[in-house]
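Report on one structure; see the data block that follows.
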Amino acid sequence: MCPVETVSTDGRTWSISRDDLHALRSLTIAYARRLDRTAPGDVEALFTPDGVWDGRPAGFERFEGAEALSVCFAQHKADVVQSATIATNQLVAPFDGDEAAGWSYCRATTLLRSGSTRHDFLRISDVFARVDQVWYFRQRVLTPLMPARLQPGQFP
């Protein structure tokens, strides 16, 4: 494993292996693809058993633990017809061998069963945990960068 340098938002430089950096970026992509239902698998399987998904800053609820996360993402599936999530500009700052912090930006468009379309532009703050050599989300916090936009109406 070759170390690669990445700079965190506070100006400090951290070393992280290319394999770990790839695994963390792949985890973020897997989350978006599973949320959009373009990849198989349950979204909650990407979290540690004590994982947290905190959408309160964006007007959603906070869910903690495997059972609560299962409820959260089942409700998402029930409410959403289709979504398109783009995650970009990911930064990772490892702070321990089996834990890391990260940030990414997300643009999401969601078609709701109600007929409305929701548009979000978010900064997602992550805490990652490595368990048995596999990286998971320990925590995701969604913070809006601008107010969400909800367009009423019908979709085809």
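The values are calculated or read from the model by the stated rules, or taken from the named source; none is laboratory data. Treat the numbers as computed from the prediction; the structure is a model and nothing was measured. Every residue, glycine as well, gets a Cβ built from its backbone with ideal geometry; the counts of neighbours run over all protein chains shown.
Annotations for the structure displayed:
- Looking only at segment 137-156, and only at residues there that are surrounded by fewer than 17 Cβ atoms within 10 Å (Cβ to Cβ) and at pLDDT 95 or above, the one that is farthest from residue 59 (Cα to Cα): 145
- Conditions (1) loosely packed, with under 13 Cβ neighbours inside 10 Å; (2) among the aromatic types (Phe, Trp, Tyr); (3) modelled with pLDDT of 90 or more; number of the one not met by residue 63: (1)
- Residues located in segment 99-136, provided they are small (Gly, Ala, Ser) and surrounded by 14 or more Cβ atoms within 10 Å (Cβ to Cβ): 100, 101, 102, 104, 108, 116, 125, 129
- Inter-residue pairs, beta-carbon under 7 Å, first more than 15 Å from residue 151 (Cβ to Cβ) and in segment 106-130, second in a strand (DSSP E or B) and among the small types (Gly, Ala, Ser), 6+ apart: 106/87; 124/104; 126/101; 126/102; 127/101; 128/100; 128/102
- Residue check, residue 80 modelled with pLDDT under 90 and surrounded by 14 or more Cβ atoms within 10 Å (Cβ to Cβ): no
- Leading residue by the ranking (farthest from the chain's Cα centre (by Cα)) among those in segment 72-124 that are over 13 Å from residue 32 (Cα atoms), among the basic types (Lys, Arg) and in a strand (DSSP E or B): 118
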